[in-house]
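This report refers to the structure that appears directly beneath it.
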Amino acid sequence: MNKKMNIFFAVLMIAATFLVSSCGGDAERGIVFPEGTDENGDVIVVPPDTDLDDDGVLDTLDEFPADPSESTDTDNDGVGDNSDNCPTVNSNNLNDRDDDGVGDICDNCPDNDNADQVDTDEDGIGDACEV
């Protein structure tokens, strides 16, 4: 969102709050306020969805709204999928002994470079370790 839009929405929020507050409202007397107002009758203004980091993912859907290089964390470990070398296992351990780009926790042969993780006989041990 550009700077002019941010200023516009800030002014809109202030104006709406002033207008509703000046009209009064009394939650203590059992007055039910319409949806979009708080217990004091003040308007709750929700600005439109924004994408502050300009990564193409709206902030309400972006798990890292201030980081343009990240937007999801599939395993919920606090490390974004683009930086996580083991995005399907919840772990902050990013060790990668063989530097193949696959984290040791997910690597089927952590001491031998095997980025493709081929395991022909499907025994859980990568072909690179069964030579």
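The values are calculated or read from the model by the stated rules, or taken from the named source; none is laboratory data. Since the model is a prediction, treat every value here as computed from it, not as a measurement. Quick reminder, even Gly has a Cβ in these numbers, built from the backbone with ideal geometry, and neighbours come from all protein chains shown. All accessible areas refer to the heavy atoms of the entire protein, side chains included, with ligands and DNA or RNA removed. Shrake-Rupley method; radii C 1.70, N 1.55, O 1.52, S 1.80 Å.
Look at Glu70 and say whether it is at pLDDT 95 or above, open to solvent by 60 Å² or more (accessible area, probe 1.4 Å) and of a type in the set (Asp, Glu).
Details: at pLDDT 95 or above: yes; open to solvent by 60 Å² or more (accessible area, probe 1.4 Å): no; of a type in the set (Asp, Glu): yes.
No.
Comparison of Asp59, Asp99, Asp54 shows that the only residue that is touching a Ser or Thr at 6+ places or on another chain (Cβ under 6 Å) and not hydroxyl-bearing (Ser, Thr, Tyr) is Asp59. For Phe8, the criteria (1) modelled with pLDDT of 95 or more; (2) out of contact with any Ser or Thr (no Cβ under 8 Å at 6 or more places or on another chain) hold in every case but one, which is (1).
On the given criteria, is Asn112 within 31 Å of the chain's Cα centre (by Cα) and in a loop (DSSP other than H, G, I, E, B)? Answer is no for this residue. If the condition is being touching a helix residue (DSSP H, G or I) at 6+ places or on another chain (Cβ under 8 Å), under 21 Å from Asn85 (Cα atoms) and among the β-branched types (Val, Ile, Thr), then segment 116-131 contributes only Val118. Listed residues Gly80, Gly126; which is under 27 Å from the mean Cα position of the chain (by Cα) and without any contact (Cβ under 8 Å) to a residue 40 or more places away in the chain? Just one listed residue meets the conditions, Gly80.
For Thr60, the conditions (1) modelled with pLDDT under 90; (2) assigned to a loop (DSSP other than H, G, I, E, B); (3) open to solvent by less than 70 Å² (accessible area, probe 1.4 Å) all hold with the exception of (3).
Yes or no: segment 78-99 includes at least one residue that is open to solvent by 30 Å² or more (accessible area, probe 1.4 Å), at pLDDT below 95 and more than 30 Å from Asp127 (Cα to Cα). Looking for residues that are open to solvent by 30 Å² or more (accessible area, probe 1.4 Å), at pLDDT below 95 and more than 30 Å from Asp127 (Cα to Cα), one finds at least one in segment 78-99, hence yes.
All told, Val32 meets the bar of being assigned to a loop (DSSP other than H, G, I, E, B) and at pLDDT below 60.
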